[in-house]
């Protein structure tokens, strides 16, 4: 075989499958499993979604998600079902069982990324793809609380893998798995699941010419399977939650259509995309900043993204020519003209590889453009992080092994990898210096258990972005972060330099592995630091006070949105069948500014909302009352109940009062 064809052979320089998965398992246990125990459930979305699962177990109603007995119809039920099933099977309702499905979804993404990248680029690329999923910043950050993105990412990636495998291997069963995966993704996140799938799959089929095999996709029987899985809940939920009044009354635009079907399909999907959803309790980053944020979410592997861009640029003429002149059979035409020698054994592999690049790139592009136009949160593009990491892994492995797809010189020099490694070392030194400065600045301060007392309150984006509290860090706050700061500083100072030395010596795989090991140590330190933010992010300590000093006949009042104290509500749920709950919305009426807006308008919704006047009238009478308020709501609460508040405990920016002295 000639030198040109030999460059197409599958790589052999990679750990064995057994060694690979031993390492994957060790990292998964250290980064994801160990972190399931602390901190407790967080306020806002974390404990609120856990309340939905908690209600399903207690009530037996698995159709209508509810929070505090009020319909919560914003999201599909599959994430709640998985958590509720774990509650039912284990008998444990805690952070571990609540966050376990997201952690397992990351493990599933690791497996799929490894499997797919191994087939497309070889064992080394599969090794790097799995490491990328396990050690990137984004997947770690956005599995600290219960959101559906990790599960959605797994089902969509599985659907795409079944699509490409079924077409390449002619396996009809794969297409049924594909339809089922899209249906499960629908039950995870809603209509964006089939939209994203079709948005990438249809152009892919057109570009590769495989649309001619549309019958092989099982369009009729497969679609019926999709409906059998995805439709029943939507129909049953619509029947259980009919039109019964819109919170805005005779709204000129919304009219009188106001049941589940309107709220879920129109308000939560169509109007959310247009930025017209009601209530307006979300944010939107500008497109450029939203895209640039992926440098952080995919870090440190995003440092090799310029190498992937360089490969795309160097091969642009070949790909653009085929797109313009023979779009219907782009891949087949490329194969016929790129390979002239007897390399039949490599043709299926190269074919699969090229089509993988097309499919993953299309999926990533569709998702990134969609959320650049729509309203967004930082983690909404979670499903494309694994595909992007696979593309980066493929380019990195090719460059390290000096491979080329055209039989000539390698497309990319290893200098691109050295540049990324150097950038990692520079960032590591800078980060270690910042951590060192924080430790030095707080060296004379005693350890403070409640880090919330040391944070600034800069109110970045009105705290509607998931990472807003990151900007509240101050120098003195390092008094509560000494241990994780020391661990992170050591990891970020030593690891990148070791990796750079290995890269200079052309020990490329060891150098790339050092990045993953450095990030493993850093993420362990990051979680220790995250757990130190418990008083700021969770109110479980206040729930413990109520359970210890209260009685089942007491009433718990939240001054503001119920999500402010959702962890208190969750952890006191089984306190002798739970406390009576009352909510005083921050605007003074339940028709605005509450996550339970829509469900609270149903006539059978429990009347848990109070006005200021009602709270003042009931305070100090009958059974004991407990009042919770964040610092932003504290002044009006103290003014309303002046002279009648008995402070119980304050943590971070939250205060708990009662209406009479404790015994």
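The values are calculated or read from the model by the stated rules, or taken from the named source; none is laboratory data. The structure displayed is predicted, hence computed values, not measured ones. Neighbour counts are summed over all protein chains in view; Cβ atoms, including those assigned to glycine, are modelled from backbone coordinates with ideal geometry.
Would you check which residues across the stretch 87-100 are under 24 Å from the mean Cα position of the chain (by Cα) and either farther than 30 Å from residue 267 by Cβ or buried (at least 21 other Cβ atoms within 10 Å of the Cβ) (or both) and list them?
Result: 92, 93, 94, 95, 96, 97, 98, 99, 100.
Which one is modelled with the lowest pLDDT, of the residues in the stretch 404-419 that are more than 17 Å from residue 353 (Cα to Cα) and out of contact with any helix residue (DSSP H, G or I) (no Cβ under 6 Å at 6 or more places or on another chain)?
408
Just to check your reading of the model, which residue among 29, 8, 92 is modelled with pLDDT of 95 or more and either farther than 30 Å from residue 605 by Cβ or in the same structural domain as residue 265 (by TED's automatic domain parsing) (or both)?
Being modelled with pLDDT of 95 or more and either farther than 30 Å from residue 605 by Cβ or in the same structural domain as residue 265 (by TED's automatic domain parsing) (or both) holds for just one of 29, 8, 92, which is 29.
Is it the case, given these coordinates, that residue 492 is modelled with pLDDT of 75 or more, closer than 18 Å to residue 525 by Cβ and in contact with a helix residue (DSSP H, G or I) (Cβ under 8 Å, 6 or more places away or on another chain)?
Yes; evaluated as a whole, the condition is true for this residue.
Can you find a residue that is assigned by TED's automatic domain parsing to the domain that holds residue 387, without any contact (Cβ under 8 Å) to a residue 12 or more places away in the chain and surrounded by fewer than 20 Cβ atoms within 10 Å (Cβ to Cβ) anywhere in the stretch 60-72?
Checked the stretch 60-72: no residue is assigned by TED's automatic domain parsing to the domain that holds residue 387, without any contact (Cβ under 8 Å) to a residue 12 or more places away in the chain and surrounded by fewer than 20 Cβ atoms within 10 Å (Cβ to Cβ).
Of all residues in the stretch 265-304, which are at pLDDT 80 or above, surrounded by fewer than 19 Cβ atoms within 10 Å (Cβ to Cβ), touching a helix residue (DSSP H, G or I) at 6+ places or on another chain (Cβ under 9 Å) and part of a helix (DSSP H, G or I)?
265, 269, 287, 288, 290, 291, 295, 296 - these are the residues of the stretch 265-304 that are at pLDDT 80 or above, surrounded by fewer than 19 Cβ atoms within 10 Å (Cβ to Cβ), touching a helix residue (DSSP H, G or I) at 6+ places or on another chain (Cβ under 9 Å) and part of a helix (DSSP H, G or I).
Name the residues in the stretch 555-580 that are buried (at least 19 other Cβ atoms within 10 Å of the Cβ), at pLDDT below 90 and farther than 24 Å from residue 145 by Cα, would you?
Matches in the stretch 555-580: 579 only.
Out of curiosity, is residue 436 outside the structural domain of residue 395 (by TED's automatic domain parsing) and at pLDDT below 85?
For residue 436, the condition - outside the structural domain of residue 395 (by TED's automatic domain parsing) and at pLDDT below 85 - is not met.
So the check is Cβ under 7 Å with 6+ separation or different chains; which pairs have a first residue in the stretch 268-292 that's farther than 30 Å from residue 306 by Cβ and assigned by TED's automatic domain parsing to the domain that holds residue 189 and a second one that's in a helix (DSSP H, G or I) and at pLDDT 75 or above?
277/267; 277/268; 277/271; 278/267; 279/597
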